[in-house]
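The values are calculated or read from the model by the stated rules, or taken from the named source; none is laboratory data. Note that the structure is predicted; figures quoted are calculated from it, not measured. All Cβ positions, glycine included, derive from the backbone under ideal geometry; neighbour counts span all protein chains shown.
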Amino acid sequence: MLREQVKKWRHVFKLDPAKPITDDAIHQIATSNTDAIIIGGTDDITFQNTAYLLSKLRNYSIPYYQEISTSTSLVPGFTGYLTPTIFNTNDAKWILGIHHQTIKAFGSFIPWDQVILEAYVVLNPDAKVAKRTNANTNQQISDVIAYARMAEWLQIPIFYVEYSGTYGLVDLVREVSPILQNTHFCYGGGISNQQQAEEMAAWADMVVVGNLIYDDLNQAIQTVKWIKSIKKRGES
């Protein structure tokens with residue numbers, strides 16, 4: 001099952017279909033020893049640009065997953081699908097609304113054993129995803145801990161602390177870490193150097209690298225080695 005596969009992920013690259021990328025860059029990413037590639041983004045995500053990236057990744061053995069942001073950009077043929085729900089928003093559209101619309105339209109065709117839910121807490125107020133989802137980013141560590149407990153209680157496969165575009169608070173990630181025993185703890189946002197990669201890898205089960213791909217590809221490729229060199233939390 002996809003849930004069990006996700007638990008093995010340590011490093012993941014995230015590609016944005018709306019951003020240009022060369023075939024050589026895709027080759028380097030797909031052969032980098034990352035655990036998986038996620039395709040998804042916030043703005044200008046279409047069926048066409050998502051399908052284009054999928055066509056490029058099919059040449060490689062790396063598993064590739066679509067993070068679904070709109071029902072109109074859903075593309076068949078991925079290894080699996082990740083469906084985000086935003087915990088820290090008061091807009092029901094981003095909690096269950098889009099999920100309901102998508103299931104209503106495509107429920108009979110969805111490969112349910114290949115779909116899992118991600119519980120997002122979005123914490124960078126300047127991020128496009130925060131603005132689009134009307135996320136309340138003014139969260140104390142205790143608030144995020146409570147969200148983590150909710151994810152664990154609801155048995156959601158992934159709890160995703162998202163700082164999209166900026167490097168987050170290590171103290172927050174460290175405090176949240178012991179709360180999650182069964183839910184896979186994911187960190188994403190602002191990883192740009194070895195120190196940052198190793199800091200977050202010490203407390204999160206999985207670290208997502210996205211923007212760095214487009215800013216400094218060589219540095220992005222190095223993050224695989226840096227993150228995987230750190231023992232996963234709970235390992236002796």
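Taken over the range 113-151, the residue count meeting the criterion of being over 15 Å from the mean Cα position of the chain (by Cα), within 16 Å of H184 (Cα to Cα) and modelled with pLDDT under 95 is 0. The one condition from (1) at pLDDT 95 or above; (2) more than 17 Å from the chain's Cα centre (by Cα) that S177 does not meet is (2).
Is it the case that the range 93-104 has a residue that's in contact (Cβ under 8 Å) with a residue 40 or more places away in the chain, touching a Phe, Trp or Tyr at 6+ places or on another chain (Cβ under 6 Å) and not small (G, A, S)? No, the conditions are met nowhere in the range 93-104. Looking only at residues in the range 173-207 that are over 18 Å from G234 (Cβ atoms) and touching a strand residue (DSSP E or B) at 6+ places or on another chain (Cβ under 7 Å), the one that is surrounded by the most Cβ atoms within 10 Å (Cβ to Cβ) is I191. Against the conditions (1) in a loop (DSSP other than H, G, I, E, B); (2) aromatic (F, W, Y); (3) under 25 Å from I21 (Cα atoms), F109 satisfies every one except (3). Here I29 clears all of (1) assigned to a loop (DSSP other than H, G, I, E, B); (2) of a type in the set (A, V, I, L, M); (3) more than 23 Å from I110 (Cα to Cα) except the condition numbered (1).
If you check every pair at least six apart or on different chains, which have Cβ atoms under 7 Å apart with a residue in the range 4-31 that is surrounded by fewer than 19 Cβ atoms within 10 Å (Cβ to Cβ) first and a residue that is polar (S, T, N, Q) second? Short answer, once both residue conditions are applied: A18/N49.
Of D43, D113, all but one fail to be surrounded by fewer than 19 Cβ atoms within 10 Å (Cβ to Cβ), closer than 22 Å to R132 by Cα and in contact with a helix residue (DSSP H, G or I) (Cβ under 8 Å, 6 or more places away or on another chain); the exception is D43. Within the range 209-222, the set of residues being within 16 Å of T166 (Cα to Cα) and buried (at least 19 other Cβ atoms within 10 Å of the Cβ) comprises V209, G210, N211, L212, I213, A220.
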